[in-house]
Amino acid sequence: MSRVVLGAADEELVLRVKEATDGDVHVLPAGRLPADPARLFEQLVDGELPDVLLIGPLAPLPEVFGLAARLDVQCPGISVVLLASPTAETWQAAMRAGVRDLLPPTADAGELRAAVERAGSSAAGRRRVLRPAEETARYTGRVITVASPKGGVGKTTVSANLAIGLTAAAPQSTVLVDLDVQFGDVASALGLAPEYALPDVAHGPAAEDTMVLKTFLTQHPSGLYAVCGAESPAAGDTVTAADVSRLLTSLAREFRYVVVDTAPGLSEQTLAALDRATDVVMLSSMDVPGVRGLRKELDVLRELCMIPAGRHVVMNFADARGGLSVRDVETAIGTGVDVVVPRSAAVPVSTNQGVPIVAGGRKDPAAKELRRLVSRFAATPIVRPGRYRAKHRAAS
Ligand SMILES: Nc1ncnc2c1ncn2[C@@H]1O[C@H](COP(=O)(O)OP(=O)(O)O)[C@@H](O)[C@H]1O
Ligand SMILES: [Mg+2]
């Protein structure tokens with residue numbers, strides 16, 4: 001029997017549907033229909049996805065069609081059946097929104113049962129086609145963890161620019177995860193106002209199913225997906241190393257690149273992200289304390305055997321007047337430096353605007369080096385990303 005969820009129904013319809021499904025139906029709370037699939041999944045207490053969403057006549061049709069169209073794109077394994085007056089216009093709009101079936105609001109239990117069975121078996125059919133692809137043929141993408149012993153050295157800047165650059169090279173390929181669980185600022189660096197944050201994505205229905213997970217991601221106008229940081233340090237602390245491991249594994253199945261921004265040092269979440277990483281970008285500012293810290297962190301990671309196969313050392317805030325040469329740094333850390341990003345006044349400006357500097361198509365020397373970092377990962381030549389404005393800049 002199909003799992004059925006019923007919304008926008010009065011008591012009499014609930015009884016009819018219970019009769020049609022032998023009582024096996026989850027009834028959504030009265031009130032407005034969930035606006036999007038993520039909100040729908042939040043209302044399902046057991047976290048199990050329905051095969052059929054049955055929508056009664058109490059919801060305004062534009063809302064129904066909005067939700068159905070989103071489900072059709074994001075969750076094609078769920079069929080929508082609508083009870084509404086079957087006029088020609090409604091049929092046409094329903095068809096365009098991907099609604100499976102349309103029944104008159106007076107449909108009796110027998111008609112409801114037949115419609116649910118048809119919709120359920122079509123949902124199951126689509127799932128059979130989708131699932132194997134999802135589970136086997138999808139990527140196990142590169143997980144690129146950006147880490148450094150100290151704060152303020154450019155981890156978020158590098159992560160955001162790398163993610164934007166990879167998205168430009170391969171659209172829809174990349175997700176950026178803010179694992180600075182207490183004070184993450186990826187949302188601000190990208191000018192995003194996320195509806196869902198890391199704890200929502202790491203726990204609850206999104207953690208159970210990759211299809212649901214995708215609906216909890218925040219979309220950036222460039223086509224990049226993001227998991228933004230928690231709203232408060234306390235909320236961030238609920239995300240454990242095990243949550244991080246599971247999240248990154250699921251994301252790597254869906255995306256070619258998973259870029260992970262981290263907090264300074266080696267927190268349990270950062271260690272989990274390094275454990276899952278195919279690549280690490282080790283970052284330091286180009287000064288003596290920064291380089292010493294980097295040396296210590298590399299030593300610890302070497303001892304723990306936690307340096308992934310892809311290792312990229314990036315020096316940031318390079319400044320000829322600082323008195324340290326790349327050779328000095330290489331001697332101090334005992335390994336090569338791969339990319340040197342110069343100090344540039346345009347970088348803080350881009351941070352404050354919420355538009356990563358590689359997105360601006362600028363000739364800035366820091367942007368040029370950040371693009372060089374992107375090209376270490378991108379399979380295809382990098383096209384300069386188009387300009388966009390930070391539309392959702394938070395007011396604060
Ligand atoms: N190459 C650079 N030149 C000038 N300013 C930079 C550079 N890289 C980063 N910044 C600035 O330094 C500040 C800290 O960077 P951020 O990426 O937030 O560091 P972290 O994430 O390591 O704490 C930001 O305001 C950013 O704009
Ligand atoms: Mg940061």
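The table below gives the values:
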quantity	calculated
Count - residues of segment 164-218 that are among the β-branched types (Val, Ile, Thr), modelled with pLDDT of 95 or more and within 16 Å of ligand 2 (Cβ to nearest atom)	3
Among the candidates 99, 64, 80, residue that is surrounded by 19 or more Cβ atoms within 10 Å (Cβ to Cβ) and over 18 Å from residue 38 (Cβ atoms)	99
Boolean, residue 104 is within 24 Å of the chain's Cα centre (by Cα) and not acidic (Asp, Glu)	no
Leading residue by the ranking (farthest from ligand 1 (Cβ to nearest atom)) among those in segment 140-166 that are closer than 19 Å to residue 252 by Cβ and open to solvent by 10 Å² or more (accessible area, probe 1.4 Å)	140
Subset of segment 168-205 [under 11 Å from the mean Cα position of the chain (by Cα) and within 16 Å of ligand 1 (Cβ to nearest atom)]	176, 177, 178, 198
Helices (runs of 4 or more DSSP H) within segment 177-282 that include 3 or more residues farther than 24 Å from residue 300 by Cα	186-190, 198-202, 205-208, 210-215, 233-237, 241-254
Selection from segment 290-340 of residues that are of a type in the set (Gly, Ala, Ser), touching a residue at least 24 places away in the same chain (Cβ under 8 Å) and away from ligand 2 (no atom under 16 Å from the Cβ)	309, 310, 318, 322, 332, 334
All helices (runs of 4 or more DSSP H) inside segment 324-375 with 1 or more residues being touching a strand residue (DSSP E or B) at 6+ places or on another chain (Cβ under 7 Å) and within 10 Å of ligand 1 (Cβ to nearest atom)	365-375
Residues within segment 31-72 that are without any contact (Cβ under 8 Å) to a residue 24 or more places away in the chain and either among the hydrophobic types (A, V, I, L, M, F, W, C) or touching a strand residue (DSSP E or B) at 6+ places or on another chain (Cβ under 6 Å) (or both), tallied	1
Check on residue 11, touching a residue at least 40 places away in the same chain (Cβ under 8 Å) and either out of contact with any Ser or Thr (no Cβ under 9 Å at 6 or more places or on another chain) or among the small types (Gly, Ala, Ser) (or both)	no
Enumeration of residues in segment 251-284 that are open to solvent by 20 Å² or more (accessible area, probe 1.4 Å) and either within 17 Å of the chain's Cα centre (by Cα) or of a type in the set (Asp, Glu) (or both)	253, 256, 268, 275, 276
Test: residue 295 is at pLDDT below 95, in the same structural domain as residue 224 (by TED's automatic domain parsing) and either open to solvent by 40 Å² or more (accessible area, probe 1.4 Å) or over 30 Å from residue 211 (Cβ atoms) (or both)	no
Answer from 56, 31 - the residue that is more than 30 Å from residue 254 (Cβ to Cβ), surrounded by fewer than 20 Cβ atoms within 10 Å (Cβ to Cβ) and of a type outside the set (Phe, Trp, Tyr)	31
Residue count for segment 304-350, restricted to those that are in contact with a Leu (Cβ under 7 Å, 6 or more places away or on another chain) and more than 22 Å from residue 147 (Cβ to Cβ)	0
Top-ranked residue in segment 1-23 [being open to solvent by 80 Å² or more (accessible area, probe 1.4 Å) and in a loop (DSSP other than H, G, I, E, B); ranked as farthest from residue 40 (Cα to Cα)]	22
Residues located in segment 134-151, provided they are outside any helix (DSSP H, G or I) and at pLDDT below 65	138
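Residues checked against (1) within 16 Å of ligand 2 (Cβ to nearest atom); (2) at pLDDT 85 or above; (3) open to solvent by 50 Å² or more (accessible area, probe 1.4 Å):
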site	(1), (2), (3)
346	no, yes, no
354	yes, yes, no
362	no, no, yes
365	no, yes, yes
368	no, yes, yes
381	no, no, yes
384	no, no, yes
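Listed here are the residues, each with its yes/no results for (1) within 33 Å of the chain's Cα centre (by Cα); (2) part of a loop (DSSP other than H, G, I, E, B).
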residue: 59; (1), (2): yes, yes
residue: 70; (1), (2): yes, no
residue: 90; (1), (2): no, no
residue: 95; (1), (2): yes, no
residue: 110; (1), (2): no, no
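The values are calculated or read from the model by the stated rules, or taken from the named source; none is laboratory data. Computed from a prediction, not measured in an experiment: that's the story for all the values here. Virtual Cβ from ideal backbone geometry, glycine too; neighbours counted across all protein chains shown. For accessibility, only protein heavy atoms count, side chains too; no ligands or nucleic acids. Shrake-Rupley method; radii C 1.70, N 1.55, O 1.52, S 1.80 Å.
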